[in-house]
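What follows is a set of notes on a single structure, which appears directly below.
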Amino acid sequence: STVATAALNHVELVVMPDFLSIRECTRLKNRLDEPLFNVGAQDCWQADEGAFTGEVSPKHLAQLGVRYVEIGHAERRKQFGETNEWVINKSAACSRNSIIPWICIGEINKGDIEACGDEVWEQIKPVLDNCTGQLVFAYEPVWAIGAPKPAESDHIIGVVSYLRKKIDAEKETNNNDVRIVYGGSAGPGLVESLNGVVDGLFLGRFGHNPDNVKKVVEEVGAVASK
Amino acid sequence: TRQPVVAISLKMYFDPAKTLQFVSALAGI
């Protein structure tokens with residue numbers, strides 16, 4: 001099956017492979033007659049050049065045709081000691097290299113909407129202050145990762161709406177083009193239940209099946225066209 | 001209006017051939 005029809009219906013599709021597969025994926029993308037998908041990376045370093053053994057430069061990724069870089073995933077924060085400062089610096093590094101930072105955000109513990117929203121806003125605000133142009137924030141509460149039940153739609157709607165208001169209130173000083181997607185366990189029907197507050201979804205394991213991706217892209221497209 | 005976006009982070013593939021197979025299937029190639 002192909003997502004061609006669905007994806008071209010106003011939904012942007014991004015594939016973020018491992019570093020080793022990026023070049024092949026961009027080649028494959030460039031073979032297509034239509035721009036069906038964009039290629040992203042799963043991390044980068046915060047400097048364009050320098051002696052940082054083993055790290056990947058955002059400048060280099062841009063040269064390979066990478067359009068997005070995922071930054072600050074909960075796994076990286078937990079297992080590799082990724083700090084908020086690194087997330088800010090990496091986002092700025094992407095931004096200055098014309099790559100759109102795709103920043104993973106979320107509160108640690110479950111709480112009321114305002115408390116969670118304020119905690120997540122602390123992750124968003126410095127990124128807005130240090131980047132220009134397009135940004136994507138992928139929201140997933142940390143407490144919901146791997147939990148038996150995903151975060152409730154009401155909670156997601158509440159926090160994302162709270163963040164959207166805060167972002168809109170910054171428009172005069174931060175004129176970024178900001179999209180907020182939901183980054184948690186996504187399955188069929190999720191995006192519909194979110195009442196159009198999110199600008200899309202960030203898929204993990206569920207998206208490893210092309211048929212699942214097709215379904216989700218169609219759902220996101222249907223919600224967006226309402 | 002903001003363009004909706006769906007992204008897939010291919011974290012669980014540790015085989016470049018499998019990754020390419022997935023992307024090819026997605027693209028209908």
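The values are calculated or read from the model by the stated rules, or taken from the named source; none is laboratory data. All figures in this text were calculated on a predicted structure; none of them were measured in a lab. FYI the Cβ positions are ideal-geometry reconstructions off the backbone, even for glycines, and counts take in every protein chain you see.
The residue of region A:171-209 that is nearest to the chain's Cα centre (by Cα), among those that are among the polar types (S, T, N, Q) and over 18 Å from A:Ser153 (Cα atoms), is A:Asn176. Output the residue which, of all residues in region A:168-189 that are within 14 Å of A:Tyr139 (Cβ to Cβ) and out of contact with any Leu (no Cβ under 7 Å at 6 or more places or on another chain), is modelled with the lowest pLDDT. Among those residues, the one meeting the criterion is A:Ser185. Within region A:15-31, residues that are within 14 Å of B:Ser9 (Cα to Cα) have Cβ atoms under 7 Å from residues that are of a type in the set (Asp, Glu) and not in a helix (DSSP H, G or I) in these pairs: A:Met16/A:Glu70, counting only partners at least 6 apart in sequence or on another chain.
For (1) touching a Lys or Arg at 6+ places or on another chain (Cβ under 6 Å); (2) hydrophobic (A, V, I, L, M, F, W, C); (3) within 11 Å of chain B (Cβ to nearest Cβ), each residue gets a yes or a no:
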site: A:Ile156; (1), (2), (3): no, yes, no
site: A:Ser185; (1), (2), (3): no, no, no
site: A:Val191; (1), (2), (3): no, yes, yes
site: A:Val198; (1), (2), (3): no, yes, yes
site: A:Gly207; (1), (2), (3): no, no, yes
site: A:Pro210; (1), (2), (3): no, no, yes
site: A:Val213; (1), (2), (3): no, yes, yes
site: A:Val217; (1), (2), (3): no, yes, yes
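Considering only residues in region B:1-18 that are β-branched (Val, Ile, Thr) and crowded, with 21+ Cβ neighbours inside 10 Å, the one that is nearest to A:Val136 (Cα to Cα) turns out to be B:Val5. Every residue in region A:191-221 that is in contact (Cβ under 8 Å) with a residue 24 or more places away in the chain and of a type in the set (A, V, I, L, M, F, W, C), please. The answer is A:Val191, A:Leu194, A:Val197, A:Val198, A:Phe202, A:Val213, A:Val216, A:Val217, A:Val220. The strands (runs of 3 or more DSSP E) found wholly in region A:12-86 and carrying at least 2 residues that are among the small types (Gly, Ala, Ser) and either more than 10 Å from chain B (Cβ to nearest Cβ) or surrounded by 14 or more Cβ atoms within 10 Å (Cβ to Cβ) (or both) occupy A:38-41.
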